[in-house]
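Have a look at the structure below before the remarks.
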Amino acid sequence: MDQQRHNLKLLEVQSHNSMPETLFGSNWEAHAVKVYTHEVFFDFQEEVKFSVNACSVCGYTPPDPVTNFEVSIVEDANKQKRYAVEYNRRTTDIRCSCKLFERKGILCNHIIWIYSGNFKEIPEKYILRRWSKNALRNPVCDLNGNLLENYDLTGNSKFGMSRVWSEIYATGDISEEEEEGEEVENEE
């Protein structure tokens, strides 16, 4: 268990202190590198790559005046299939018939192909906290339970006290591991 915690802390430090290379120059890719952990970013980057190399629009239905839904049909050359991408202009909900977001928690190449030009960043509701760099950062509360800091997933949040407490806990765990290692050496 201690090894898992240690590995998790190493991955968190790596995720906060380095940035993977963006390859395609899209706004969504640039935003993803800021908010996602490295591993999830690389999965998202694969979706961006497939959107550039394998997707094309082969049909479009304009927004329905009652439901506000517009539907784009995207042909995926890799899978030799077509997928319906639905967008609700009123709620800004986006869905794809491939259901990658529902299964994996990242947007699929079909949605990226159609809507990355319409939004400067990945819509916040499609950035799951568990995949974000801030997943382990918890809000800081005072002794009465009042929230002292608030977080968003765009990278514009205040880290102040939470970052300090995370570092204190991490340092405490590391020093405990070092002390345990010294005790083992002294016993030998």
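The values are calculated or read from the model by the stated rules, or taken from the named source; none is laboratory data. This is a predicted model, so every value here is computed, not measured. Don't worry about glycine lacking a Cβ; one is built from the backbone with ideal geometry, like all the others, and counts go over all protein chains shown.
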Requested in this report: Look through the stretch 58-78, keep the residues that are surrounded by fewer than 20 Cβ atoms within 10 Å (Cβ to Cβ) and touching a helix residue (DSSP H, G or I) at 6+ places or on another chain (Cβ under 8 Å), and return whichever of them is modelled with the lowest pLDDT.
Outcome: N78
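From F42, F101, F50, which residue is surrounded by fewer than 20 Cβ atoms within 10 Å (Cβ to Cβ), assigned to a helix (DSSP H, G or I) and out of contact with any helix residue (DSSP H, G or I) (no Cβ under 9 Å at 6 or more places or on another chain)? So that I can check it myself, show each step before the final result.
Working: F101 fails: out of contact with any helix residue (DSSP H, G or I) (no Cβ under 9 Å at 6 or more places or on another chain); F50 fails: out of contact with any helix residue (DSSP H, G or I) (no Cβ under 9 Å at 6 or more places or on another chain).
F42 is the lone residue from the list that is surrounded by fewer than 20 Cβ atoms within 10 Å (Cβ to Cβ), assigned to a helix (DSSP H, G or I) and out of contact with any helix residue (DSSP H, G or I) (no Cβ under 9 Å at 6 or more places or on another chain).
Any idea which residue in the stretch 82-98 is nearest to Y115 (Cα to Cα), counting only those that are in a loop (DSSP other than H, G, I, E, B), of a type in the set (S, T, Y) and in contact with a Phe, Trp or Tyr (Cβ under 9 Å, 6 or more places away or on another chain)?
At the first step, the residues of the stretch 82-98 found to be in a loop (DSSP other than H, G, I, E, B) are 89-92, 97-98.
After this cut, where a residue has to be of a type in the set (S, T, Y) as well, the list is 91-92, 97.
Filter once more, keeping what is in contact with a Phe, Trp or Tyr (Cβ under 9 Å, 6 or more places away or on another chain): 92, 97.
Values: T92: 11, S97: 15 Å.
Top of the filtered list is T92.
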Query raised in the report: Tell me, which residue of the stretch 104-119 that is in contact (Cβ under 8 Å) with a residue 24 or more places away in the chain and part of a loop (DSSP other than H, G, I, E, B) is surrounded by the most Cβ atoms within 10 Å (Cβ to Cβ)?
Result: C108
